[in-house]
1. Find the eigenvalues of the gyration tensor of the Cα atoms of the stretch 84-158, then list the square roots of 5 times those eigenvalues as equivalent ellipsoid semi-axes, largest first, in whole angstrom.
2. For the stretch 190-204, in order, what is each residue's ³J(HN,Hα) by Karplus, 6.51 cos²θ - 1.76 cosθ + 1.60 with θ = phi - 60°, in whole Hz (x at glycine and Pro)?
3. Could you order peptides 185-197, 151-163 by the average number of other Cβ atoms within 10 Å of their residues, highest first?
4. Distance from the Cα centre of the stretch 1-25 to that of the stretch 142-216, in angstrom?
5. Per residue, how much accessible area does the chain have with a 1.4 Å probe, in Å²?
6. Given a cut-off of 16 Å, what percent of all Cα-Cα pairs of the stretch 71-197 lie beyond it?
7. In whole Hz and in residue order, list the ³J(HN,Hα) couplings for the stretch 159-169 that follow from phi through the Karplus curve 6.51 cos²θ - 1.76 cosθ + 1.60, θ = phi - 60°; x for Gly and Pro.
8. Quick check for you: which residues of the stretch 59-99 have the amide N under 18 Å from the point 7 Å beyond the Cα of Ser107 toward its beta carbon?
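The values are calculated or read from the model by the stated rules, or taken from the named source; none is laboratory data. Predicted model, so just to flag it, every value in this text is computed and none were measured. Virtual Cβ from ideal backbone geometry, glycine too; neighbours counted across all protein chains shown. Surface accessibility is based on the protein's heavy atoms, side chains included, excluding ligands, DNA and RNA. Shrake-Rupley method; radii C 1.70, N 1.55, O 1.52, S 1.80 Å.
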Amino acid sequence: LSQVTSNPYRFESVIFNNGAADQYNTTMHIDVETSGSSVWTGSSSPMTIYTNTNDTLATTINFTPTSTGGYYFNFCASSDSFPTTDTIGRYTIVTDTVYAVDYDWTSNGSNAGGGFFLGRSACGQVLGNAFDMYAQDEVTSISFHVNDQSVAGADVKVELYEIDATVTPYAPVYLGESDDYELTQSDIGSWVTLKLDNPINVYSSTTYIAAVRGYA
């Protein structure tokens with residue numbers, strides 16, 4: 001919630017006119033719902049979209065959630081000669097302390113995407129996700145999903161890095177880590193959260209990498 005308060009949702013759509021007539025006053029509309037009730041509406045500035053062309057429309061104001069929970073975003077468009085298009089829906093979750101960039105709404109890994117190997121016979125690897133910070137905060141742990149092809153007894157740990165944007169290619173700067181952790185059988189196909197050895201302050205306008213290290 002602290003991050004989205006400092007960086008509210010901004011909505012955009014690419015609208016394509018594949019009809020035979022130009023569409024005047026074409027406008028994108030957004031309706032935000034939570035717990036079955038509409039809590040916010042927004043729209044873009046109207047514009048003309050000529051036949052067989054497209055353009056990107058964006059809301060004129062941004063949406064700032066005031067509480068945690070799930071939010072549904074419903075997109076549609078209209079013009080002078082067309083009352084409304086079909087609605088496209090998107091979903092997001094605002095939490096109190098978890099900052100996530102995955103789509104695993106059910107927390108079972110089914111929507112988390114494919115896995116990546118962290119340990120091989122010849123080498124180990126460090127893999128992570130980038131998180132842009134919009135408000136100062138404190139990182140205390142990192143969570144990751146263990147693919148069902150993983151093996152109990154493998155050792156891993158989590159690490160936090162800062163991206164130094166002044167260096168090309170970007171060079172990650174090590175900030176801290178957890179103790180080594182041995183995967184258990186109950187971890188396979190599940191989420192695991194590892195506590196960092198020490199809490200780490202993170203700052204706005206900075207990108208960080210939440211990473212997991214595997215061993216050869």
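1. Taking √(5λ) for each eigenvalue gives 29, 19, 12 Å, largest first.
2. 9, 7, 10, 10, 10, 7, 5, 4, 9, x, 10, 6, 10, 10, 5
3. 151-163, 185-197
4. 34
5. Ligands and nucleic acids excluded, the result is 60 Å² per residue.
6. The share of Cα pairs beyond 16 Å in the stretch 71-197 comes to 73 percent.
7. So the Karplus estimates, Gly and Pro as x, are 9, 10, 10, 10, 8, 8, 6, 7, 10, 10, x Hz.
8. Hits in the stretch 59-99 for Ser107 at 18 Å: 68-71, 92-99.
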